[in-house]
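Beneath this line is the structure, given in C-alpha coordinates, with notes to follow.
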Amino acid sequence: MTEAIPPRPHFAADHVSWTVADADAVARFYIDVFGASELFRMGPIDAADIPPMPDGRDWMAAHVNVPGARLTLIMLRLTETFNFQLVQYDKPDDRSAALPRNCDAGGHHLGLRVDDVPAAAAYLAAHGCTAMEIIEISEGPLAGKKNLYLLDPWGHQLEIVD
(Lines give C-alpha, C1' and ligand atoms only; values in the text may rest on other atoms or scores of the structure.)
Protein backbone atom coordinates (compact mmCIF):
# COMPACT_ATOMS: atom_id res chain seq x y z
CA MET A 1 0.00 0.00 0.00
CA THR A 2 1.41 3.39 -0.96
CA GLU A 3 1.08 6.53 1.10
CA ALA A 4 -0.92 9.38 -0.38
CA ILE A 5 1.15 12.34 -1.50
CA PRO A 6 0.30 15.39 0.62
CA PRO A 7 -1.25 18.37 -1.20
CA ARG A 8 1.12 20.99 -2.58
CA PRO A 9 1.62 23.85 -0.11
CA HIS A 10 1.42 27.49 -1.14
CA PHE A 11 4.97 28.77 -1.78
CA ALA A 12 6.05 32.43 -1.61
CA ALA A 13 9.54 33.96 -1.74
CA ASP A 14 10.99 34.83 1.67
CA HIS A 15 14.76 35.21 1.32
CA VAL A 16 17.95 34.31 -0.48
CA SER A 17 20.92 33.26 1.63
CA TRP A 18 24.57 33.76 0.78
CA THR A 19 27.51 32.34 2.68
CA VAL A 20 30.06 35.14 2.97
CA ALA A 21 33.53 35.46 4.49
CA ASP A 22 32.76 38.62 6.51
CA ALA A 23 29.05 39.01 7.28
CA ASP A 24 29.47 42.35 9.07
CA ALA A 25 31.29 43.96 6.12
CA VAL A 26 28.90 42.56 3.50
CA ALA A 27 25.85 43.59 5.56
CA ARG A 28 27.24 47.13 5.97
CA PHE A 29 27.77 47.36 2.18
CA TYR A 30 24.21 46.24 1.33
CA ILE A 31 22.79 48.57 4.00
CA ASP A 32 24.83 51.59 2.88
CA VAL A 33 24.73 51.05 -0.90
CA PHE A 34 21.39 49.28 -1.51
CA GLY A 35 19.41 50.75 1.38
CA ALA A 36 18.83 47.38 3.08
CA SER A 37 17.88 47.33 6.74
CA GLU A 38 18.99 44.81 9.34
CA LEU A 39 16.10 42.72 10.67
CA PHE A 40 18.11 40.59 13.12
CA ARG A 41 21.37 38.76 13.73
CA MET A 42 22.16 35.50 15.50
CA GLY A 43 25.40 34.01 16.66
CA PRO A 44 27.98 32.98 16.62
CA ILE A 45 26.28 29.62 17.11
CA ASP A 46 28.73 26.75 17.58
CA ALA A 47 27.82 23.06 17.24
CA ALA A 48 30.30 22.34 20.05
CA ASP A 49 28.11 24.35 22.46
CA ILE A 50 24.84 22.56 21.64
CA PRO A 51 24.00 19.10 23.08
CA PRO A 52 24.02 16.28 20.49
CA MET A 53 20.78 15.17 18.86
CA PRO A 54 19.17 11.94 20.13
CA ASP A 55 20.74 10.08 17.17
CA GLY A 56 24.24 11.38 18.11
CA ARG A 57 24.59 13.94 15.33
CA ASP A 58 25.50 17.47 16.26
CA TRP A 59 22.85 20.18 15.86
CA MET A 60 24.52 21.72 12.80
CA ALA A 61 24.73 18.38 11.00
CA ALA A 62 21.05 17.74 11.67
CA HIS A 63 19.82 21.23 10.76
CA VAL A 64 22.16 22.83 8.18
CA ASN A 65 24.02 19.72 6.91
CA VAL A 66 27.42 21.04 8.09
CA PRO A 67 28.83 18.94 10.95
CA GLY A 68 30.90 20.92 13.45
CA ALA A 69 29.82 24.31 12.12
CA ARG A 70 30.13 27.63 13.86
CA LEU A 71 28.09 30.35 12.17
CA THR A 72 26.77 33.87 12.43
CA LEU A 73 23.62 34.90 10.57
CA ILE A 74 22.45 38.39 9.61
CA MET A 75 19.01 38.87 8.03
CA LEU A 76 18.52 42.01 5.97
CA ARG A 77 15.36 43.43 4.40
CA LEU A 78 16.65 44.13 0.87
CA THR A 79 13.41 45.29 -0.76
CA GLU A 80 9.85 45.75 0.50
CA THR A 81 9.06 42.12 -0.30
CA PHE A 82 12.44 40.37 -0.16
CA ASN A 83 14.91 39.45 2.58
CA PHE A 84 18.62 38.73 2.14
CA GLN A 85 20.35 36.43 4.62
CA LEU A 86 24.11 36.53 5.10
CA VAL A 87 25.78 33.62 6.86
CA GLN A 88 29.40 33.56 7.96
CA TYR A 89 30.83 30.14 8.83
CA ASP A 90 33.93 30.15 11.02
CA LYS A 91 34.05 26.35 11.23
CA PRO A 92 34.63 23.71 9.93
CA ASP A 93 38.21 24.37 8.86
CA ASP A 94 37.82 22.53 5.52
CA ARG A 95 35.25 24.96 4.07
CA SER A 96 36.03 26.45 0.66
CA ALA A 97 36.53 30.17 0.07
CA ALA A 98 36.11 29.88 -3.72
CA LEU A 99 32.96 31.50 -5.12
CA PRO A 100 31.24 29.65 -7.98
CA ARG A 101 31.16 31.31 -11.38
CA ASN A 102 27.81 31.65 -13.14
CA CYS A 103 28.65 28.54 -15.19
CA ASP A 104 29.63 26.36 -12.20
CA ALA A 105 27.25 23.99 -10.46
CA GLY A 106 25.82 26.00 -7.59
CA GLY A 107 26.53 29.22 -9.47
CA HIS A 108 24.01 31.93 -8.73
CA HIS A 109 23.37 35.63 -8.79
CA LEU A 110 21.09 38.11 -7.08
CA GLY A 111 18.85 39.87 -9.62
CA LEU A 112 17.41 43.28 -8.82
CA ARG A 113 15.14 45.54 -10.88
CA VAL A 114 16.08 49.20 -11.36
CA ASP A 115 14.57 52.06 -13.37
CA ASP A 116 17.76 52.90 -15.27
CA VAL A 117 20.44 50.25 -15.78
CA PRO A 118 23.25 52.61 -16.94
CA ALA A 119 22.63 55.02 -14.03
CA ALA A 120 22.51 52.14 -11.52
CA ALA A 121 25.70 50.72 -13.05
CA ALA A 122 27.52 54.03 -12.55
CA TYR A 123 26.28 54.25 -8.94
CA LEU A 124 27.34 50.69 -8.14
CA ALA A 125 30.74 51.10 -9.82
CA ALA A 126 31.32 54.21 -7.67
CA HIS A 127 30.71 51.96 -4.64
CA GLY A 128 33.23 49.26 -5.57
CA CYS A 129 31.23 46.96 -7.85
CA THR A 130 32.76 45.65 -11.07
CA ALA A 131 30.38 45.86 -14.03
CA MET A 132 30.42 43.65 -17.10
CA GLU A 133 29.01 45.00 -20.39
CA ILE A 134 25.33 46.00 -20.55
CA ILE A 135 23.17 43.54 -22.48
CA GLU A 136 20.76 45.49 -24.70
CA ILE A 137 17.95 43.24 -25.89
CA SER A 138 16.61 44.23 -29.29
CA GLU A 139 14.34 41.31 -30.19
CA GLY A 140 11.92 38.86 -28.67
CA PRO A 141 9.74 39.09 -25.58
CA LEU A 142 12.30 41.27 -23.73
CA ALA A 143 12.97 43.71 -26.60
CA GLY A 144 13.96 47.12 -25.28
CA LYS A 145 15.19 45.78 -21.94
CA LYS A 146 18.69 46.08 -20.50
CA ASN A 147 20.50 43.68 -18.17
CA LEU A 148 23.89 44.01 -16.52
CA TYR A 149 25.96 41.56 -14.51
CA LEU A 150 28.23 42.94 -11.80
CA LEU A 151 30.45 41.69 -9.01
CA ASP A 152 30.14 43.23 -5.57
CA PRO A 153 33.40 44.13 -3.80
CA TRP A 154 33.78 40.50 -2.59
CA GLY A 155 33.10 38.91 -5.98
CA HIS A 156 29.46 37.91 -5.42
CA GLN A 157 27.44 37.92 -8.64
CA LEU A 158 24.67 40.51 -9.12
CA GLU A 159 22.41 41.34 -12.03
CA ILE A 160 20.41 44.51 -12.51
CA VAL A 161 17.55 44.65 -14.97
CA ASP A 162 15.07 47.31 -16.04
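If you take the Cα atoms of the stretch 72-144, find Rg, then find the Kirkwood Rh from the mean of 1/r over all pairs, what is Rg/Rh?
Ratio value, two decimals: 1.04.
Averaging sequence separations of C-alpha pairs under 8 Å and six or more residues apart, then dividing by the length of the stretch 40-116, give the relative contact order as a whole percent.
This gives 22 percent for the stretch 40-116.
Leaving out ligands, DNA and RNA, and with a 1.4 Å probe, what % of the accessible surface on the chain is carbon or sulfur?
Of all accessible area on the chain, carbon and sulfur atoms account for 54 percent.
Any idea which of Gly144, Pro6, Ala62 is furthest toward the positive side of the dipole for the chain, if Lys and Arg beta-carbons carry +1 and Asp and Glu beta-carbons -1?
Pro6
Would you calculate the separation in nanometres between label points at Arg57 and Ile5, each defined as 7 Å from the Cα along the Cα-to-beta-carbon direction?
2.5 nm
Rolling a 1.4 angstrom probe over the protein heavy atoms, how many square angstrom per residue are accessible across the chain?
65 Å²
Once you put a point 7 Å from the Cα of Ala21 and another 7 Å from the Cα of Met42, both along the Cβ direction, what distance in nm separates them?
Inter-label distance under the simple model: 2.6 nm.
For every other residue with a beta carbon closer than 15 angstrom to the beta carbon of Tyr149, add +1 if it is Lys or Arg and -1 if Asp or Glu, then tell me the sum.
Local charge sum for Tyr149: -2.
Simple spin-label model, 7 Å along Cα-to-Cβ: Cys103 to Glu80 in nm?
Placing both labels 7 Å along Cα→Cβ, they lie 4.0 nm apart.
Pull out the extension gain between Asp14 and Asp49, defined as 0.36 nm times the separation in residues minus the alpha carbon to alpha carbon distance; nm, one decimal.
Going from the current span to full extension adds 9.7 nm.
Checking the a/c ratio against 1.5 first, then a/b against b/c, what shape does the Cα gyration tensor give for the stretch 15-75?
prolate
Test of understanding: given the chain, find the longest segment containing no trypsin sites (Lys or Arg not before Pro) that are in a DSSP loop and have at most 15 other Cβ atoms within 10 Å.
Result for the longest clean stretch: 1-56.
Using 1/(1 + (r/R0)^6) with R0 = 25 angstrom and r between the beta carbons of Asp90 and Tyr123, what's the FRET efficiency to the nearest 0.05?
0.15
Given the rule -39500 (n - 2.57) for each run of at least 4 DSSP H residues, summed and divided by the residues of the chain, what is its mean residue ellipticity at 222 nm, to the nearest 500 deg cm²/dmol?
My calculation for the chain gives -5000 deg cm²/dmol from helical runs alone.
Per the Kirkwood treatment, what hydrodynamic radius in Å, one decimal, follows for the chain from the mean inverse distance over all distinct Cα pairs?
Roughly 18.3 Å, rounded to one decimal.
The values are calculated or read from the model by the stated rules, or taken from the named source; none is laboratory data. Just so it is clear, the model here is predicted, and its values are computed rather than measured. Backbone-built Cβ (ideal geometry, glycine too); neighbour counts: all protein chains shown. Keep in mind that these areas ignore ligands, DNA and RNA; they rest on the heavy atoms of the full protein, side chains included. Shrake-Rupley method; radii C 1.70, N 1.55, O 1.52, S 1.80 Å.
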